[in-house]
Structure formats: C-alpha cells, structure tokens
Amino acid sequence: MAVRSRGTKLLQTFLPRCLAPPPGRRHLSSPAWSSQLASLPPRDLYRLSVTDPDQFWGSAAAERLRWVEPFQRVRDCELSSGRISWFLGGKLNVSVNCLDVHVEKHPDRVALIWERDEPGTEVKVSYRQLLEMTCRLANTLKSHGIHKGDRVAIYMPVSPLAVAAMLACARIGAVHTVVFAGFSSEALAGRIQDAQCKAVVTCNQSVRGGRLIDLKATVDAAVKSCPSVQHVFVSQRTDNPTVMDRPRDVQLEEAMSPQSSICPPETLDSEDLLFLLYTSGSTGQPKGIVHTQAGYLLYTALTHQFVFDYREGDVFGCVADIGWITGHSYVVYGPLCNGATTVLFESTPVYPDPGRYWETVQRLGITQFYGAPTALRLLLKYDESWVKKYDRSSLRTLGSVGEPINHEAWHWFHSVVGEGRCPLVDTWWQTETGGICIAPHPADEGAPIIPAMAMRPFFGIQPVLMSEEGEPVQGGDVGGALCISQAWPGMARTIYRDHQRFVDAYFSAYPGYYFTGDGAYRSAEGYYQITGRMDDVINVSGHRLGTAEIEDALDEHPSVPETAVIGVPHHIKGEVPFAFVVLKEEQQEEPDAILTELRNLVSTKIAKYAVPQHFLVVKRLPKTRSGKIMRRILRKVATEMTDDLGDISTLDDPSVVKEIVHAYEQYRKQPHQRKEE
Ligand code: WTA
C-alpha cells in the first residue's frame, strides 16, 4: 500500500469505518442520518482531516479507489503559486472506478434511471449495460482518431449516452468539456476554440418540457468557426431527421453498434486531466476550469456519501443538468464511484404540471432529492396539493445547491416536501471546488440543522473569513470574504492554458489562501452562512454569469458605446441582470428597436437566460475620476435604495446620480417594463 499507517489509536479505530464504502440499508428507519457514524467522535475526525491531511486523505484514497499503481506521496500543494497535486505517482482509470468495480460485484444493479421528458417513460440502465455502452462509445471515439489528451466537447442534455460519452473519454484518457445545451452557438464555439476540441458529441434534437430544440443546428453553426473539430457525433434523441455533413458527421448509434463492448482502460496519472468545465468569472472570457483524476473522484465520492447519507440501494435524485458542475459531481462521478443508482432528469419542474418532481419521486422511489432553490421558489407558489398527492415516503435526505436558499423556500422544502422528517442540507460549493465544501454533515452529530445555513466545513476544508484589511477575522458573529486555507483533493488545478489567470483569480487577493469570490457570515456557534458574491458574478436561476460577459455582448451593438450590467434580486430566479445602456447621441434608430436588438445579441452570443430583464437608457454612467464605473450606485438605484448612496465624493461629476435616478423613476412608471418581477 502506498500509505504507511502511522496508526494512531484514533485512526485505527475510526478511519477504516468512516472511509469504508457506503453501508447497506440497515439504518433505513433511523430518523437521523448521523446513526451511521453514531459512535464516532466527529469533531475529532474533522480535526484529523485538517491537522493530518496526509493520513486522512491517504487512507481514504487507498481504501476507496482502485489503483493500477499506488501513489507515492499524498500531496504537494502550495496555494500561493496555485500548485496543487494529490496522490502523486498514482495510476488509475476513473471509468474503471465508476463501472468495472461495480460490474464485478453486481452487474445487474441499476446505474442510471433516465427520467425522460415524457412522464412514465423512464429507461433503466444497469452497470453492465453502462459499461458496454461506454466501451462501444470509447472504441468509436478511438476509431475516429481520438486519443489520450485530446479534448472532446459534449453538447447534450442528460441521457445515458451523454453519461457514457463522459465515461468513454475518461476510459481512453480524452478530456471532456460538457457545454450546457442551452448555450448559443457562439458560446459553444468559444469553448470549443479555447479547448481546441477534436470532436463534438451531440444529439439531433433535445426534448424539454414538451418542446423540441435543434441541437445539431446549433453545433453546425458553431463548428463553422472551429477548424480543430474533425468529427461531430450525432445521437438520435427524436425520430426527426437531421442534415448530416459526412464524413465529418457520424451517426453515433450506428457507429457504436459494430464496435466491441470491451475497451481496455487507459492507465492515467492521478494528475492527468479528467475534464474542463467553462465557468463565468469577472471578465468577459469564461474560464476553462481543470479537474484531474484521482482527487476529484475521491472527493465527489466521499461528499456524495456523507453529505447525503447515501447508502447502498438508494435511488439518488439530483435534478441538475450535466452541463454544470453539479451534474458532473452528483449525477455522474460521485454516485457512480459509490455504485449508486443515479437519476438523470431530462424534464422541467413544471412539465406537464407542477407535481412533476414529486410524481417522479413516487414512481422511481427516490431517496435523496437534490435541487436548486430557484425551482423551489417557483413550485411553492402552487397549491400544496401538487406535492401532497404523491407518496414521498421514500425520501430520506433533501439537498439544495447553487445559490442562497431563502427561508421561505427552505421551510417549504423541509416541511411540505419532506414532511419535516428529512434532513435538508444546504450545500455550498463551486465549479472550482469540485465538490461540496460547506454543508451540514455527519460530523454535526447531535447539532441542529439551522434553516438556510450551509453550516459546517466538510472533511479537509478550513474556511477562513478575511477582513477588508486582508486579515483573518476571528471568533463568531462575524462576516468577511470567504477563503479556504488548505488545499483539498477536489479543488481545481488550473485554468486551461492560463495558469497565471488561475493564480490571479483565486490566490492573489489573499496570498496563501484560496479566495472563493463569496462573502460569508460565521455565527457564534461557528456555523457558516453564505452571503453572496463579492465580485461581478451574478447567479440567475442557479446559473453563474459574469456581468462582464453580458456587457461585452451588448457593447458589440454599433449604437451602444457603453453599458454596465448589475444583478438585482428576483423572487424566483434569485437574481436577474439589469443593464444600464448609453446610446450614441447621433444615432437615428428608435430606442425600443435597439433594445430588441440588444436582447437578441445577448441571446445569440451567450444564452437566453443571460438576457437582461431590465434595460435603462441613461446619458452616461457614474464614474470615478479615474474612469471606473461605480456599480455600487447603480445597484442602489436599481434596488430603490437611493436614500443611502454612501460616499459619492469620488465621482467625477456627482450630478450624474440625479440624472440616473430620474431616468429610473421614468422607467418605473411604465408598468409593462417590470411586469415579470
Ligand atoms: C453560489 C455551483 C449560497 C456561490 C455548485 C458560488 C451558493 C457559486 C450555494 C458557484 C449555496 C453555490 N448558498 N450560494 N448553498 N451554492 N452558491 O460554480 O456564489 O455554478 O460561488 O457551482 O454559486 O456556482 P457554480
């Protein structure tokens, strides 16, 4: 074994039990999830994970993952330079850990339940079938010239083939980059170009809420400007024909069927790339966040088990799309590494009616339901009978992710959906963190779960709150910039082809610490609550969006010299973009026509969900003498808090405030402008 046990009493007694694979259902009737670890001193276990990470993570990795060659060293990390390596020298294959190890023990266990858009037409895929599908797809990729290290874009909604495409890349050592199938062709092209993808995997159409969307047409438009793409693999989701441009386009199912269902796994280093996932930051250009093999897989598996109290036989229901990190970590990698049955939810919360989630829970016997507050806020407006008419007794743990959960949504989820008997875990994490970092978990044994609080750090996570002066804030009942002071196995390793940007974005604000970009509050008891982003990133329906990306799109309009976009609260979506737009003085077009063009620009350059809900035409923007836009003032105006504008003495011309307030008041008087609020 790679790790020499130092054998403290604590370790000998507790670690093997703690880190063993998920237990069976023997505690099913137990009301509290902590029963599984009831005899452990959880504080000691957490303390151990942060005081002796080598021992803790070394044991976990040796116990939980199947290695081709054992690792020689647990970690080599220096946060100030963004150098992060885990399980050095170890060799493994992620798809083997997610498939083969389970097929050996229980080939017929259901791996995936594909909850298709059409209710009642779910498809179950066993571990054996998923392994075969993955191998056929892997062999198809290989026979089209895709090899270790090549990048493959996946532009598909959730489906067994999409999961197989991810795992097929992992099997042959190719690097996947899943692009959310709601992104426009230009956004897709930008990601393909940055990653220099050799192939795209897509489907002819997607089906969502009864509507068909031509994904292949979007890919066709995107790859026109992507010379790196040699092949587009097209799966047939619907019976409708699609135009194929052969030999570039390959019908996926046809190409897979003659392939062997055996594909020898590539042996990969712990730190070889597993995937890229593009996410928004505070500049216009999305960042290709890099995750690697062993550390990511181990971290998602452990968090999946402990945060959700996952046990063998459970049906794990995370309704996120695979286009986001939540789908990667808690639809695919974490659950499959644990040998779980994981649900792929293709539909929407309101299709065909607002009971869809709960009808699915009843029909599939879902035990853990993990979703986004935005959907809960939408659903709680409907009558409770939409929930109550379905049997939800299978549910054991509820989870929320992606944005702050407000009290109303928390209580509705906990008491109406969970009948007050299921722990509800508010989980805080990010694309960059790989897995859940702060959430109630078994180490909280006996501690209450406080509504709408992410609560406690996971094993290995050391949160620190920083003051404005850049000093750690001590004690309780305090707030600050949320940082993490020690590396953990699931964290991102770099930004693809731009390590300096990685260092600048995450490790330079507070040297030696990972800066999350979020603010947080720590209660007197030491529990954490996330207060929201501190940078120019907003969160629309749980989707992360840089305001600079929207500004870049708007600024392309010839009549628009300047814009500023901020996020304003929205009762369902959490936040929506609000655009302040300056028009050229001499322009002839009607402002309304320009605004329509601006909406189209954002929709074609990024995605529909990024289109600002509000546009306010102003003569100029509030700027400091050095030319920086004072967004704080725009936020105050848009949230109608102009009584308290704070210090405006640094403005180049303070009279601009009056001008903007006046423009806003006029806008407010037009009822149709804010009707969607
Ligand atoms: C926000 C999603 C409050 C936060 C997994 C973070 C949250 C960003 C929570 C990451 C939560 C995520 N409470 N805010 N429980 N979870 N966030 O990369 O601002 O899509 O920085 O990852 O979402 O979004 P991302």
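Observations on the model:
- Of residues in the stretch 376-414 being within 16 Å of the ligand (Cβ to nearest atom) and of a type in the set (Asp, Glu), the one modelled with the lowest pLDDT: Glu403
- Selection count, the stretch 631-645, where residues are within 10 Å of Ile566 (Cβ to Cβ), in contact with a helix residue (DSSP H, G or I) (Cβ under 9 Å, 6 or more places away or on another chain) and not in a helix (DSSP H, G or I): 0
- Residue check, Val417 more than 13 Å from the ligand (Cβ to nearest atom) and open to solvent by less than 10 Å² (accessible area, probe 1.4 Å): yes
- Residue satisfying all of: in the stretch 532-574; in contact with a Leu (Cβ under 6 Å, 6 or more places away or on another chain) and of a type in the set (S, T, N, Q); farthest from the ligand (Cβ to nearest atom) among these: Ser559
- Any hit, the stretch 496-506, residues being away from the ligand (no atom under 16 Å from the Cβ) and of a type in the set (A, V, I, L, M): yes
- On the stretch given as the stretch 596-633, residues that are hydrophobic (A, V, I, L, M, F, W, C) and under 29 Å from the mean Cα position of the chain (by Cα) total 8.
- Any hit, the stretch 532-543, residues being modelled with pLDDT of 95 or more, open to solvent by 10 Å² or more (accessible area, probe 1.4 Å), assigned to a strand (DSSP E or B) and not β-branched (Val, Ile, Thr): no
- Filter result for the condition that a residue is more than 16 Å from the ligand (Cβ to nearest atom) and under 20 Å from Met133 (Cβ atoms), over Leu302, Leu274: Leu274
- Hey, Leu465 assigned to a strand (DSSP E or B), among the aliphatic types (A, V, I, L, M), more than 10 Å from the ligand (Cβ to nearest atom) and modelled with pLDDT of 95 or more or not: yes
- Scope the stretch 321-345; condition over 16 Å from the mean Cα position of the chain (by Cα) and open to solvent by 10 Å² or more (accessible area, probe 1.4 Å); matching residues: Cys337, Asn338, Thr341
- Options Gly327, Gly288: the member that is of a type in the set (Gly, Ala, Ser), at pLDDT 95 or above and out of contact with any helix residue (DSSP H, G or I) (no Cβ under 7 Å at 6 or more places or on another chain): Gly327
- Test: residue in the stretch 551-558 that is open to solvent by less than 30 Å² (accessible area, probe 1.4 Å) and charged (D, E, K, R): yes
- Members of the stretch 510-531 that are more than 27 Å from Arg191 (Cα to Cα) and either part of a loop (DSSP other than H, G, I, E, B) or open to solvent by less than 10 Å² (accessible area, probe 1.4 Å) (or both): Tyr510, Pro511, Gly512, Tyr513, Gly519, Ala520, Ser523, Ala524, Glu525, Gly526, Tyr527
- Taking strands (runs of 3 or more DSSP E) as the structural unit, those lying wholly within the stretch 99-165 and holding at least 2 residues that are modelled with pLDDT of 95 or more and surrounded by fewer than 23 Cβ atoms within 10 Å (Cβ to Cβ) correspond to 110-115, 123-126.
- Of the set (1) closer than 29 Å to Pro349 by Cα; (2) of a type in the set (Phe, Trp, Tyr); (3) part of a strand (DSSP E or B), all apply to Phe580 but (1).
The values are calculated or read from the model by the stated rules, or taken from the named source; none is laboratory data. Remember, predicted model here, so these are calculated numbers, not experimental data. Glycine gets a Cβ as well: all are built from the backbone with ideal geometry, and neighbour counts include every protein chain shown. In case anyone asks, the SASA skips ligands and DNA or RNA and just uses the protein heavy atoms, side chains included. Shrake-Rupley method; radii C 1.70, N 1.55, O 1.52, S 1.80 Å.
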